[in-house]
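This report refers to the structure that appears directly beneath it.
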Amino acid sequence: MEESKGRILGIDYGEARIGVAITDELQIIVSPLEVIYAKKINPIKRIKEIVEKKNVQEIVVGMPYLLSGREGKLAEEVKKFKSELEKNLTIPIVLYDERFTSKIAERELRSRGIKPSKNKSKVDLFAAGILLQDYLEYKRRRF
């Protein structure tokens with residue numbers, strides 16, 4: 001039997017909504033988990049609850065790089081968010097390039113007959129899943 005690796009949480013950070021996806025314990029399957037409405041509840045507290053309840057071993061947060069590779073406008077906010085997570089959690093938290101995740105998520109929703117402009121929370125949820133899947137593939141290529 002293969003040994004458990006532990007779950008990874010993928011976070012698509014936004015000032016209003018935060019998309020969250022999670023892997024299974026073997027880090028094979030990515031599933032959308034929830035959208036955190038950051039203006040209604042404390043996102044750090046909610047993520048800490050998820051980490052404890054789901055036995056998460058690592059968090060990957062999408063870093064909004066521009067096409068040029070430079071950091072986008074939201075990059076400073078993402079870095080602050082990561083720093084706050086690090087103050088509240090003891091697991092590894094990594095930043096990972098999230099370029100195109102929202103565009104891919106929008107395309108996927110359109111292919112399913114869902115209008116992204118009317119379903120922004122679904123875009124965030126799908127983007128978190130795409131980010132996490134890409135991160136898993138990156139980790140597999142490295143090892």
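A short reminder: the numbers here are calculations on the coordinates, not readings from a lab. Nothing here was measured: the structure is a model prediction, and the numbers come from that model. Every residue, glycine among them, receives a Cβ derived from its backbone with ideal geometry; neighbour counts consider all protein chains shown.
Counting other beta carbons within 10 Å of each Cβ, put 139, 87, 103 in order, fewest first.
87, 103, 139
Using alpha-carbon positions, what is the distance between the centroids of the stretch 8-26 and the stretch 83-143, in Å?
So the two Cα centres are separated by 7 Å.
Sequence gap at least 6, Cα distance under 8 Å: using those rules, report the relative contact order of the stretch 7-142 to the nearest whole percent.
Dividing the mean separation by the residue count of the stretch 7-142 yields 32 percent.
For residue 76 and residue 91, compute 0.36 nm times the residue count separating them, minus their Cα-Cα distance, and round to one decimal in nm.
3.3 nm
Quick one: which residues, 5+ away or cross-chain, put their amide H under 5 Å from the amide H of residue 33? H built at 1.01 Å from N.
Under 5 Å from the amide H of residue 33: 20, 21, 22.
Quick one: which residues, 5+ away or cross-chain, put their amide H under 5 Å from the amide H of residue 65? H built at 1.01 Å from N.
Answer set, sorted by chain and number: 72, 98, 99.
Packing-wise, with mean Cβ within 10 Å as the measure, how do 36-46, 120-130 rank, highest first?
Output ranking for 36-46, 120-130: 120-130, 36-46.
Please list, in order along the stretch 119-133, the HN-Hα scalar couplings obtained from phi with the Karplus expression 6.51 cos²θ - 1.76 cosθ + 1.60 (θ = phi - 60°), rounded to whole Hz, x for Gly and Pro.
9, 4, 5, 5, 4, 4, 5, 5, 4, 4, x, 5, 4, 5, 4
Using θ = phi - 60° and the Karplus curve 6.51 cos²θ - 1.76 cosθ + 1.60, what whole-Hz ³J(HN,Hα) does each residue of the stretch 73-86 get, with Gly and Pro shown as x?
4, 7, 4, 4, 4, 5, 5, 5, 4, 4, 4, 5, 4, 4
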